[in-house]
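Written out below as structure tokens is the structure these notes cover.
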Amino acid sequence: MLDKHQGARLANLWDDGKAAGMTEPEKLLYRSNLLGSDKRITNYGGGNTSAKVMEKDPLTGEMVEVLWVKGSGGDVGTIKMDGFSTLYMDKLRALKGIYRGVEFEDEMVGYLPHCTFNLNPRAASIDTPLHAYVPKPHVDHMHPDAIIAIAASKNSRELTSKIFGDEIGWLPWKRPGYELGLWLEKFCQENPDARGVVLESHGLFTWGDTAKEAYETTIEIINRAIAWFETENTGPAFGGRSKPVLAAADRAAIAKKLMPVIRGLISAGESKVGHFDDSQAVLDFVTSTSLEPLAALGTSCPDHFLRTKIRPLVVDFDPAQPDVGNTLAGLPEAIATYRADYAAYYERCKRADSPAMRDPNAVVYLVPGVGMITFAKDKATARISAEFYVNAINVMRGASGVSTYVGLPEQEAFDIEYWLLEEAKLQRMPKPKSLAGRIALVTGGAGGIGKATANRLMQEGACVVLADIDETALEAAQTELSTRYGKDFVRSVNMNVTSEAAVESGFGNALLAFGGLDILVSNAGLATSAAVEDTTLALWTKNMDILATGYFLVSREAFRIFRSQKAGGNVVFVASKNGLAASPGASAYCTAKAAEIHLARCLALEGASAQIRVNVVNPDAVLRGSKIWTGEWKEQRAAAYKMDVDELEAHYRERSMLKLSVFPEDIAEAIYFLASDMSAKSTGNIVNVDAGNAQSFTR
Ligand SMILES: [Zn+2]
């Protein structure tokens, strides 16, 4: 029995009405987006589509045949028109004349730009010859779980012919490239009636005379595979369950403990961001008898292991007798062993011209009874790696249910992982931003300074958790920032910083979202004013609760995470000029702010030996976007200075030495400096951002 994900049939989503007015390239785009919208058809970024179209040559005005094919990078589900490369078919055919044989096939990639039609800047992908040489106008190449399950079975050729007869052919494993393009052409010439071909350990090629026919053939063939598995693969998944599944809350609790420790152990080279997945497909696998042997075989489809490394690390954890302390204690050795195994694999398989060994840490961590943790250089990559491993799990489930699952031979896997063409792609990637892979939590994150800070940190590539008690503002801030930087980079938690339980659970959610923490910006605040004889105990306590106790509670939680990660840490307090300079009629506020600043000094002292830095930014009179500066406080201040509230900004500007207004962005800039490696040698400092105020000069 397959899980519900694989069991359901794919729907035919082609709409003749929609397609009616489309040009051929538009139909290609339409078909690509339809196919890529379902992960069962192809994984993220996997597979490609093409159409051979007659177009007017801009140079000669004559009609010429042009190959439209998904370009390098990109994803068929989200591709737009500019994601396709366009090449002259006659030039692509002419390349056969200069092909020197399989040992030189990589050099053919260098000729593809010479075939570009209409100066299209989109680089042609390595798969271009596979589409060019199939003598059909419309070609789909997909990585469907159900087909790869056949392709990764020991007897995949036999299974292919059993399920599809002569309609679908079979070709043995061959790394995608020029030679495979020629193989496909030969196959089509020898089997003119075939509708497609299964590529061993890889995926599916299908074709048609029209865009619609190609699409419908792809859907039909995958559905036939799904249906076949439904009738044939009727035993328990992965040979049956041998370990219990923990309850959802317990799974999350274990993941929160494991993630920062793993992260600390693997982030020496580059900071990494985590992702946790305990979906049913994953749980079926991590509780099965076949977990260890199947995981050891490695993934099959080249796309899968490029994202997930050749194999995952199975964490030593027994859900029947959960003892996370033991597991945590064993992690350093388990991770060191994985790294040593990876280095040995590199040494065994490397060639004279292989690129240097890359990060030897595992990407995928399988935790029996709990789920799957993935780590990568950013959240999107970690999430997508998890999606790929779910594809790999589906493949292993299918293949092991009807046959024997086989991973790709080690040398073939290595040759793809360290392919010079892949290396060139990596070298072309832009340099990472200064906070790439860093994780920050900002309290008061939905307010003026908090949101500006989150924005500044995200500009530099950080992932940010916004913590606030204002649910509406929190939602708006998350929407705004995720629209600007992408959903993967921002999460929000409702957090009352004066509640021990709320702080613990808020940080726990942050851990589950991103796997760790590097930066705490403690910014949640309030401001009150009253003469001392009018200051009620409640008002005094409220200031102390939020500004002193609240800062203590969030710092304590951050310190606990920093110490479990063993990778340093960074705390920035947003205090106030009034923490240094007394101000009339605000004793509760000023005293609590002074406590805050002194807490920062104590923490700087205590954290230094663990490379935890603690610094303070002192703003003054940041009115814009501030929730503190709305309502009472603003009116009280205006009354104290005997002026209209509208005159306050000008008043503060004139009061400053530099005669400048201070904005949330100015504070955010100072926070970014203290939170980044630019200030790596500063701790226990105070940076005033107040346009100059002699009273608050530090001494
Ligand atoms: Zn492929």
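It is to be established whether one or more residues within the range 12-33 are within 16 Å of the ligand (Cβ to nearest atom), surrounded by 17 or more Cβ atoms within 10 Å (Cβ to Cβ) and modelled with pLDDT of 95 or more. Yes, some residue in the range 12-33 is within 16 Å of the ligand (Cβ to nearest atom), surrounded by 17 or more Cβ atoms within 10 Å (Cβ to Cβ) and modelled with pLDDT of 95 or more. Just a yes or no: is a residue in the range 474-487 outside any strand (DSSP E or B), more than 21 Å from the chain's Cα centre (by Cα), more than 18 Å from ASN570 (Cα to Cα) and not acidic (Asp, Glu)? Yes: one or more hits. Scanning the range 166-181 turns up at least one residue that is over 21 Å from SER403 (Cβ atoms), of a type in the set (A, V, I, L, M, F, W, C) and either open to solvent by less than 10 Å² (accessible area, probe 1.4 Å) or within 12 Å of the ligand (Cβ to nearest atom) (or both). From the list LEU474, LEU466, LEU511, the one residue that fits, being among the aliphatic types (A, V, I, L, M), in contact with a Pro (Cβ under 7 Å, 6 or more places away or on another chain), under 27 Å from ILE384 (Cβ atoms) and open to solvent by less than 50 Å² (accessible area, probe 1.4 Å), is LEU511. You will find that of VAL273, VAL314, VAL286, the residue that is touching a Cys at 6+ places or on another chain (Cβ under 9 Å) and away from the ligand (no atom under 16 Å from the Cβ) is VAL273 and no other.
Among residues that are touching a strand residue (DSSP E or B) at 6+ places or on another chain (Cβ under 7 Å) and of a type outside the set (Val, Ile, Thr), ALA255 is included. Suppose the filter is among the polar types (S, T, N, Q) and out of contact with any Pro (no Cβ under 9 Å at 6 or more places or on another chain); does ASN688 pass it? The answer is no for ASN688. The C-beta contact set for the range 45-68 (first residue open to solvent by less than 60 Å² (accessible area, probe 1.4 Å) and aromatic (Phe, Trp, Tyr), second residue modelled with pLDDT under 95 and within 16 Å of the ligand (Cβ to nearest atom), distance under 7 angstrom, 6+ apart or interchain) is empty. Screening ALA600, ALA621, ALA610 for residues that are closer than 23 Å to ASN496 by Cβ and open to solvent by less than 40 Å² (accessible area, probe 1.4 Å) leaves exactly one candidate, ALA600. Which is buried (at least 21 other Cβ atoms within 10 Å of the Cβ) and at pLDDT below 90, of LEU408, LEU420? Of the residues listed, the single one that is buried (at least 21 other Cβ atoms within 10 Å of the Cβ) and at pLDDT below 90 is LEU408. Quick check on the range 125-143. Is at least one of its residues open to solvent by 20 Å² or more (accessible area, probe 1.4 Å), within 33 Å of the chain's Cα centre (by Cα) and either over 30 Å from LEU13 (Cβ atoms) or touching a residue at least 24 places away in the same chain (Cβ under 8 Å) (or both)? Yes: the range 125-143 contains one or more residues that are open to solvent by 20 Å² or more (accessible area, probe 1.4 Å), within 33 Å of the chain's Cα centre (by Cα) and either over 30 Å from LEU13 (Cβ atoms) or touching a residue at least 24 places away in the same chain (Cβ under 8 Å) (or both). Pairs meeting the criteria (first residue in the range 292-306 and assigned to a helix (DSSP H, G or I) and within 16 Å of the ligand (Cβ to nearest atom), second residue open to solvent by less than 10 Å² (accessible area, probe 1.4 Å) and of a type in the set (Gly, Ala, Ser), beta carbons under 7 Å, at least 6 apart or on different chains) are ASP303/GLY46; HIS304/ALA392; PHE305/GLY298; PHE305/ALA413. If you scan the range 657-697, which residues turn out to be over 16 Å from GLU460 (Cα atoms) and open to solvent by 80 Å² or more (accessible area, probe 1.4 Å)? Hits for the range 657-697 are MET657, LEU658, LYS659, LEU660, LYS681, GLN695, PHE697. Within the range 69-86, if we keep just the residues that are away from the ligand (no atom under 16 Å from the Cβ) and surrounded by fewer than 20 Cβ atoms within 10 Å (Cβ to Cβ), the residue that is nearest to the chain's Cα centre (by Cα) turns out to be THR78.
The values are calculated or read from the model by the stated rules, or taken from the named source; none is laboratory data. Since this is a predicted model, take the numbers as computed values, not measurements. Backbone-built Cβ (ideal geometry, glycine too); neighbour counts: all protein chains shown. The area values use the complete protein model at the heavy-atom level, side chains included, leaving out ligands, DNA and RNA. Shrake-Rupley method; radii C 1.70, N 1.55, O 1.52, S 1.80 Å.
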